[in-house]
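Down below is the structure, laid out as structure tokens.
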Amino acid sequence: MSFLSVTYILLFYAATIILFVGVGRRIYKYAKTPAPLKIPTMPAPTTKVGVAARLTREVVFFESLFKANLWTWIFGWMFHASLLIAFFRHLRYVVNSDTFLIGPVIHWHLLQLAGQYTSFTLIIGLAGLLARRIFVDRVRYISAPSDYLMLLLIIGIGVTGALMTFVAHTDIVALKDFVIGLFTFSFSALPTSLLLLLHLGLVIVLMIIFPISKLLHAPGLFFSPTRNQVDNSREKRHIADWAKPLDETRGKS
Amino acid sequence: MADFETPKLKEYPVIPNLVDDVMKGSSPFIAKPLHNEPLGFPGELVEGWKDKAIDKMEDLLGKYRGLQVYLDSCVKCGACTDKCHYFLGTSDPKNMPVARQDLLRSVYRRYFTFAGKYFPKLVGARDLDKGVIDEWYSYFHQCSQCRRCSVFCPYGIDTAEISMAAREILDTVGVGQKYCNEIIAKVYKIGNNLGLPEPALKMTLEDLEEEIEEETGLPVKLPLDVKGADIMLITPSADFFAEPHIDGLKGYAKVFHEAGISWTISSYASEAGNFGMFIGSYENMQQISTRIREAAIDLGVKRIVHGECGHAWRVAYSFWNTLIGPFDFLDPNYPVPQHICEFTYDLIKKNKLNIDKTQNDHRTLTFHDSCNVARATRMGDKPGGQFDIPRAIIKAVCNNYVEMDPATTKEATFCCGGGGGLLTDDLMEIRVKGAMPRMEAYNEVVEDYGVTNLACICAICKSQFSKVLPYFNEKGAPQKFSMDMVVSVHQLVYDALVLTGQKFGDELDAHVAAMEAAADD
């Protein structure tokens, strides 16, 4: 096996550990930090089921963003939906078309077909977001270099992916062996294609920066008190552990 | 105070182009040691303030999940950038919610994140220095914590939470705001924001009783410190003396009278307002509201009803149970606290009030949703009751009602411009400019529908609008906006509610004459 293959194997393991440990630690931190006061943005649901529905609408449809700005919503939603489809399309490097998910849950051929073209919607969505960042003075004002680089990074992943689909095919059978090898610890060589190396290299970078960047918005949404709290403050006493001792000291002092 | 130009009211709302640093000079007066110390804060900027500020930030990050999540999650999508009334009114980019958050986030990143520690330029992280402290002090006092941005943020990032944290850090290092801290110190000393002592309060209430009797011929009472009353009314102290607030208080009294229920005001807890929220201090917020718990226990009341106030209703509705609960000493058949609008609406629904709507026919009303009521509380048992119930009351007592542009009402309502601890004369410029988006929507209904009055359910909104409306009159043109356009919702109730046995015409004149004769004796 080539030095390059070994390097990528090691990088993938390192990136995976960083991604899962990093995001896991962050989620642990969010989960253990209390929200001492009831601050849902009203009107808010009065039941937990209602809150689940609110969060689902945010995750699936980007409800608040839709209210805020139609262009950002169109580009943002297009990009995220494309990413989801791209993720499922890439399952073909890990599972076979006869596994349990396929068939009843996912229409394999439709997915593969649609997946080819979602690289375009992904790139269009990201390009739209980048254009807003550059040309809308308010968005330009709030952008740091990392905000541009993040978009360019994912555009890079999308473009190299699209090129492999439509211009310079890579050996996907060998690639599948490589990927399955990562899961089963029976390693095989990575096909040597510059586009593939670039594509995977950028994905590795994305995995590594996920837990230390604004990509934390993904877990963050689920822990956002303005979105995940039930409006029931009059009915149920809500109190954080750190505030409990204050019950004793409150009053004339 | 610097001179400034009142923004022109445009026919259609326009998102302004950015003008850097126009509001850089806007800062409220700094608190003196005598304002800070009663709140448990150092009197002035402390030695080693930098480390203390970072330590406080760490402390808050561990105590408030919202703060931690919001500082991490922003993707700078720009959804909030055109949502803040202070940005729309000033064009200062640092008044865009995300840019305001970034004043704090940049420091958070520098000291608490990997990227900010090792690649500060890349992620817009910066060191904390005195310039940053000054900038925080200026721009976190150009936020009224109205939460409009949080409605539109895809992650629900609430700039109010950031601004509260920033103010608490500032207080911790001795950089307090005079207006808020002086008022809180007054509450601790006297019991209300105005520093109105018990004898003055008693006299005011007696004067009001006399006024109501002159207008109705009936002895409607405003009881003070009555033990064993059913209801304790907690209302902003502005209701005791300011116009148009006081007419709202008369309205509550008339409603209680007609309901035939015993009620009382407490001189010990003669304030609904809780500026502890504005400065982001859990402990101060709790200390201030504890007076209410103590007064309720002391007077032995069964229920607490809350007057018209925005931020205070937020503290009461959303935080009281946390801060001063449980309320096991009160009647469990009623919500604690209950808003006066819920109380009145209940009576209207049950047809217990005799309403003569024509008494308000000289007015055409529109309703301003107060930011805190709209986006931080509820009324009634359904989400959105905070919008529907006040409107239902107004429509029950008035014939002429018009809505403002729906992009500026309900959950999307614009703040009056004076909330969040900004209702002070040293911040007049930001108050006037921040009122512009609301004024544009109000101007539209004044022009198109001949609206004569703006109904409010918040003491701060009422004071703010009374003060800033006249600024928007064009020089030379006939006066379009006057302070008496601002009315309390319960003032409208007062005017339309006909009490059982109420006297009119000659009978009322005779009663008033008898009252005067008795007073002369």
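Coordinate-derived values only; no laboratory data. Keep in mind the model is a prediction, meaning the values are calculated, not measured. Here Cβ is always computed from backbone atoms with ideal geometry, including for glycine, and neighbour counts include all displayed protein chains.
Table for the structure above
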item: In order through region B:108-114: 3J(HN,Hα) via Karplus (6.51 cos²θ - 1.76 cosθ + 1.60), integer Hz, x for Gly, Pro; result: 4, 4, 4, 9, 10, 10, 4
item: Theoretical FRET efficiency, 1/(1+(r/R0)^6), r = Cβ-Cβ of B:E5 and B:D127, R0 41 Å, to 0.05; result: 0.70
item: J(HN,Hα) series, region A:226-243, from Karplus relation 6.51 cos²θ - 1.76 cosθ + 1.60, nearest Hz, glycine and proline x; result: 5, 10, 9, 8, 8, 7, 8, 5, 6, 8, 10, 6, 10, 8, 7, 4, 5, 8
item: In degrees, nearest ten, helix A:48-61 long axis to first principal axis of chain A (Cα); result: 40 degrees
item: Cβ neighbours within 10 Å from other chains - mean over B:316-325; result: 6
item: Three-way shape label, region A:120-160, alpha-carbon gyration tensor, a/c 1.5; result: oblate
item: At R0 = 56 Å, FRET efficiency that the Cβ-Cβ distance of B:D506 and A:H109 yields, to 0.05; result: 0.05
item: Between region B:377-444 and region B:288-302, the alpha-carbon center distance in angstrom; result: 30 Å
item: Contour minus Cα-Cα distance for A:N96 and A:F166 (0.36 nm per residue); result: 22.9 nm
item: Nonlocal amide H pairs with B:W263, under 5 Å, H built at 1.01 Å; result: B:D230, B:I231
item: Cys residues of chain B counted as unpaired, since no other Cys beta-carbon is under 4.7 Å; result: B:C74, B:C77, B:C84, B:C143, B:C153, B:C180, B:C309, B:C341, B:C398
item: Net lengthening on full extension, A:F20/A:F135 (0.36 nm per residue, minus Cα-Cα); result: 37.8 nm
item: 10 Å Cβ neighbours from other chains, averaged over peptide A:210-216; result: 5
item: Amide H within-cut-off set for B:H306, under 5 Å, with H built and near neighbours excluded; result: B:I234, B:Q338, B:H339, B:I340
item: Separation in nanometres of the label points that stand 7 Å from Cα toward Cβ, at A:T47 and A:H80; result: 2.5 nm
item: Principal-axis tilt of helix B:198-216 within chain B, Cα atoms, nearest 10 degrees; result: 50 degrees
item: Sparsely packed chymotrypsin sites (Phe, Trp or Tyr not before Pro) within region B:416-521, loop by DSSP, other Cβ within 10 Å at most 11; result: B:F504
item: FRET efficiency, 1/(1 + (r/R0)^6) with R0 25 Å, evaluated for A:V60 and A:E235 via beta carbons; result: 0.30
item: Highest to lowest packing among A:129-137, B:155-163, B:83-91, scored as the average C-beta count within 10 Å; result: B:155-163, B:83-91, A:129-137
item: Neighbour net charge for A:S233 - beta-carbon separation under 11 angstrom, K R +1, D E -1; result: +4
item: Whether region A:3-230 is rounded, prolate or oblate, judged on the alpha carbon gyration tensor where a/c under 1.5 counts as rounded; result: prolate
item: On Cα atoms only, tilt of A:3-32 relative to the major axis of chain A in degrees; result: 10 degrees
item: Potential extension, B:K117-B:V14 segment - 0.36 nm per residue separation minus Cα distance; result: 33.2 nm
item: Shielding by partners, peptide B:58-67 (average Cβ within 10 angstrom, other chains); result: 5
item: Highest average packing first - B:317-323, A:204-210, Cβ atoms within 10 Å; result: B:317-323, A:204-210
item: Reachable lysines from B:K121, criterion Cα separation under 25 angstrom, eight or more residues apart if same chain; result: A:K214, B:K24, B:K50, B:K52, B:K56, B:K76, B:K94, B:K130
item: Restraint check, B:K8/B:K475; A:K38/B:K382; B:K227/B:K349; B:K250/B:K357; B:K302/B:K357, Cα-Cα greater than 23 Å; result: B:K227/B:K349; B:K302/B:K357
item: Cα shape, region B:33-183, gyration tensor, a/c 1.5 rule; result: oblate
item: Separation between Cα centres of region A:79-158 and region B:11-63, rounded to whole Å; result: 41 Å
